[in-house]
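Accompanying notes for the structure given below.
What follows draws every value from the coordinates through simple rules; no lab data is involved. It should be emphasised that the depicted structure is a prediction, and the values quoted were computed from it without experimental measurement. As a convention, Cβ positions derive from the backbone with ideal geometry for all residues, glycine included, and neighbour counts pool all protein chains shown.
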Amino acid sequence: MAEFLQYSITGVTVGMIYALIGLSFALIWKSSGVANLALGGLVLIFSWIFYAMLVQVGLPLWLSLIVVLILALAFGWLIERFCLRPLIAQPILSLITVTLGLEFFLEGLAVFIWPEMVAGLPPLFPIEPLKIGPAVVSQAYVWAAVISLILFGILTLYFRYHKMGIAMRATADDQLAVQACGIPVTSIFSTSWMLACVVSAIAGILISSISGLTHGLVETGLKAFSVVILGGLDSFIGCIVAGPIIGLAENLGSGWLTPIVGWGGLKDVIPFIIIIVVLFIKPYGLFGEVRIERI
Amino acid sequence: MGLPCGTYNYSYAKDMAILRTKTHWALFIALLILVFTAPLYCDNYLLGVANLMGITLIAAVGLNILLGYCGQLSIGHAGFIAVGAYTAAVLTGTFELPFLVGLICAGLMAGLVGLFFGIPSLKVKGFYLGIATIAAQFIIIWFINHLSITGGFTGIAVPYASIGGFVFDTEASQFYLIMTIAVLCVFFAKNLARTRIGRAFVAIRDNDLAAEVMGINLFYYKLLAFFIGCFLAGIAGSLLAHWIGFMNAEQFSISESILYIGMVIIGGMGSALGPILGVIFIRLLQQGMMFIAPMLESAFPALPAGFASGIAPMLFGVVIVLFLVLEPRGLSHRWMLFKASYRLWPFSY
């Protein structure tokens, strides 16, 4: 029972971070219809930048956080302006592959600047473990989940009440109509990329504060695709529901199946198996909008 | 000297021919002779590069059929190559079956795995399919690492290819084997595009709903595209296994898959020439970087330590993005433009 609780709590909290990465995907998909496959690269690069600011430069925590967020905004703007904007109205395949090229570039950049593969962040949160019933959870997990939830709340409110958020939703609905209303679509796109970069930066910092900083963070970013696929691509609620489900499946599955089948590393493959299963059964996810196509 | 003012065709067969004039034939045969006599005047290093290019070309031709002709995105091509490579490795290494049996089985196995992961393509497309194939890549590599028959993380040794007692144990002999199969594959792909199947693929790429309305069986043709594409990937994998002699799942990472997509895009999607140009471009770039990066590193000690290993992926990323932004139709389109302007020179049109 204690084991079950332990796995569940870890799973749900890590799942919240996955949900955050998924949220960053949904932000871009919702407003501009671009599938951002460079998520892994973004998560990777921002967590390493955070490490560089905090440890290598030696800035205080709040300042390095601010620097990372500003850099994230700048990155988002640059990516949208120079990679995505020239490709507006190109086939979807080009839009997907341009983000793949971006992913390649960001991974190379991380190796270029930080060849040392593995690094440790100093603990960002108090290290005394929390006791929940019989389970013992490190505070970092709980904090990460709380921060994810807060961000989720802020973004939901932003999309519901803020003028820019409403404009973003409108753009997702009908670009032509939005342009006719005098909303600058291009600035909507760059705002969504900037927001998405900020969200993935925070997710990267949270996940690297829990599980250490390696170049394998790219795979964490790729795992988050199972969240968006399960939740439905264009749904925030989908992300926040599917994230913990993926986290739970990952942790419970590997915790229970590993002793039975004797294979290690099940954790790394369960999200991908979930992707395949979801695509077979319910390809548009739990909350996704089913698109009906016409010729 | 009488210059021809056009190419006249007196029969339908002549009109359909790939090589239409005597000059075409002469150039084509000269090219073949040039390629197949390469071992006479190239050293082992160059032959090794050529072998890698030949193997890559077979896989890229497969991806071009899938992505360029049929429009089905596959970001897991390295995974399907791995299936072929390990099938060949296990069959010829552990079970000591002949090379040709291993080659065919590698293709079939990769094709079947591709069929399975291609099934979602019936319901979804674009990004969803990309994700499905990324998942396929990770699942395949994970299984290779955890099954006992594939040697797990330590890898598996593969014997040299041999046909009827002749062992392909030098770079030169392997060059002949690989180039023969590569030429056959390019020939197959070029002709496939001209058949009913190829035209159905193109129709599906351009608009799959319209294609279905016109009587093309989507279920059949989409899966056929996956099967053919992955079959060629499996063939390439088998040759790769015999060429390297040692298989480890790290050779088939997701970056490799992205690189294959890059090759097809840089070369030009949906043309027979595209994969050839793309493969030569990317592999030459890779070799050039391997050559130049250490030199730059020793010349400029101020460069960060990760320069040599990090610069190549950065460059590939930039090249892919630049090609998509500036020349989405790839190098083969440039070649067409060059040919057209050459034909009309000195007139502009």
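Counting only helical runs of four or more DSSP H residues, what would the 222 nm mean residue ellipticity of chain B come to if each run contributes -39,500 (n - 2.57) and the total is spread over all its residues?
It lands at -22500 deg cm²/dmol.
Please compute the modelled spin-label separation between residue B:116 and residue B:343, points set 7 Å along Cα→Cβ, answer in nm with one decimal.
4.7
Residues with amide H under 5 Å of residue A:130's amide H, sequence separation 5 or more or different chain, H placed in the peptide plane at 1.01 Å from N; which?
Under 5 Å from the amide H of residue A:130 lie the amide H atoms of A:137, A:138, A:139, each far enough along the sequence or on another chain.
Assign unit charges at the C-beta atoms only (+1 for Lys and Arg, -1 for Asp and Glu), then state the dipole size of chain A relative to its Cα centre in Debye, rounded to the nearest 20.
The dipole magnitude comes to about 520 debye.
Most mobile of B:160, B:221, B:41 per a Gaussian network model of chain B (Cα springs, under 10 Å)?
Answer for the Gaussian network model of chain B: B:41.
I need to check one value: relative contact order of chain A, counting alpha carbon pairs closer than 8 Å and at least 6 residues apart, in percent.
37
I want to verify a result. In a Gaussian network model of chain A, Cα cutoff 10 Å, which of these has the top mean-square fluctuation: A:45, A:205, A:88?
The residue that fluctuates most here is A:88.
I need to check one value: relative contact order of chain B, counting alpha carbon pairs closer than 8 Å and at least 6 residues apart, in percent.
Relative contact order, chain B: 27 percent.
In debye, nearest 20: dipole of the protein assembly as shown around its Cα centre with unit charges on the Cβ of K, R (+) and D, E (-)?
1760
What ranking do A:256, B:243 get, fewest neighbouring Cβ atoms within 10 angstrom at the top?
Ordered from fewest to most neighbouring Cβ atoms within 10 Å, A:256, B:243 come out as A:256, B:243.
May I ask for the distance between the Cα centers of the range A:97-126 and the range A:131-193, given as a whole number of Å?
Spelled out, the Cα-based centre of one part sits 24 Å from the other.
Using Cα centres only, tell me the gap between the range B:315-349 and the range A:58-95 in whole Å.
Value for the Cα centre distance between the two parts: 30 Å.
Using amide H atoms built 1.01 Å from N in the peptide plane, name the residues 5+ places from residue B:162, or on other chains, whose amide H lies under 5 Å from its own.
Here B:99, B:168 satisfy the definition.
Over all distinct Cα pairs, what is the inverse of the mean 1/r for the range A:118-213, reported as the Kirkwood hydrodynamic radius in Å?
Result for the range A:118-213 stands at 15.9 Å.
Could you list B:173, A:235 so that the one with the fewest beta carbons within 10 Å of its beta carbon is first and the one with the most is last?
Going from least to most buried by this count: B:173, A:235.
Would you please classify the overall shape of chain B from the alpha carbon gyration tensor, given that a ≥ b ≥ c denote the square roots of the eigenvalues, rounded means a/c under 1.5, and beyond that prolate means a/b larger than b/c while oblate covers the rest?
Taking the square roots of the gyration eigenvalues as a ≥ b ≥ c, chain B is rounded.
Label-point separation (nm) for residue A:261 and residue B:148, each offset 7 Å from Cα along Cα-to-Cβ?
Here the modelled spin labels are 1.6 nm apart.
How large is Rg over Rh for chain A, taking Rg from the Cα atoms and Rh as the Kirkwood inverse mean of 1/r across Cα pairs?
Rounded to two decimals, Rg/Rh equals 0.97.
What 222 nm value per residue comes from the helices of chain A, counting each DSSP H run with n ≥ 4 as -39,500 (n - 2.57) and dividing by all residues, nearest 500 deg cm²/dmol?
-23500 deg cm²/dmol
Mind checking which lysines have their C-alpha under 28 Å from residue A:30, skipping anything on the same chain fewer than 8 residues away?
A:163, A:223, A:282, B:123, B:125
To the nearest Å, what is the center-to-center distance of the range B:276-297 and the range B:241-269, using C-alpha atoms only?
So the two Cα centres are separated by 15 Å.
Quick one: Karplus J couplings for the range B:95-102, per residue in order, coefficients 6.51, -1.76, 1.60, θ = phi - 60°, nearest Hz, x for Gly and Pro?
Once rounded to whole Hz, the list reads 9, 6, 7, x, 4, 5, 4, x.
Can you work out the Karplus-derived ³J(HN,Hα) for every residue in the range A:225-235? Use 6.51 cos²θ - 1.76 cosθ + 1.60 with θ = phi - 60°, whole Hz, and x for glycine or proline.
Once rounded to whole Hz, the list reads 5, 5, 5, 5, 5, 5, x, x, 4, 9, 10.
Evaluate the relative contact order of the range B:1-143 (contact order divided by residue number), counting alpha-carbon pairs under 8 angstrom at least 6 apart; express in whole percent.
23
Sort A:260, A:17, A:147, B:254 so the one with the fewest other Cβ atoms within 10 Å of its own Cβ comes first.
Ordered from fewest to most neighbouring Cβ atoms within 10 Å, A:260, A:17, A:147, B:254 come out as A:260, A:147, B:254, A:17.
Which cross-chain or sequence-distant (5 or more) residues have an amide H under 5 Å from the amide H of residue A:213, H modelled 1.01 Å from N in plane?
Answer set, sorted by chain and number: A:119, A:121.
Could you give the spread of the C-alpha atoms of the range A:195-265 along their three principal axes, from largest to smallest, in whole angstroms?
Per principal axis, max minus min of the Cα coordinates gives 43, 28, 15 Å.
For the protein assembly as shown, how big is the tail of P(r) above 38 Å, as a whole percent of Cα pairs?
36
What percent of all Cα-Cα pairs in the range B:188-254 falls in each 5 Å bin, counting up from 0?
Cα pair-distance distribution for the range B:188-254, in percent: 4, 14, 20, 18, 12, 11, 10, 8, 3, 1.
Pull out a ≥ b ≥ c, the square roots of the eigenvalues of the alpha-carbon gyration tensor of the range A:65-170, then state rounded if a/c is under 1.5, prolate if not and a/b is larger than b/c, and oblate in the remaining case.
oblate
Apply the Karplus curve 6.51 cos²θ - 1.76 cosθ + 1.60, θ = phi - 60°, to the phi angles in the range B:183-194 and return the couplings in whole Hz, x for Gly and Pro.
Rounded to whole hertz, the list is 5, 4, 5, 4, 4, 4, 5, 4, 7, 4, 5, 9.
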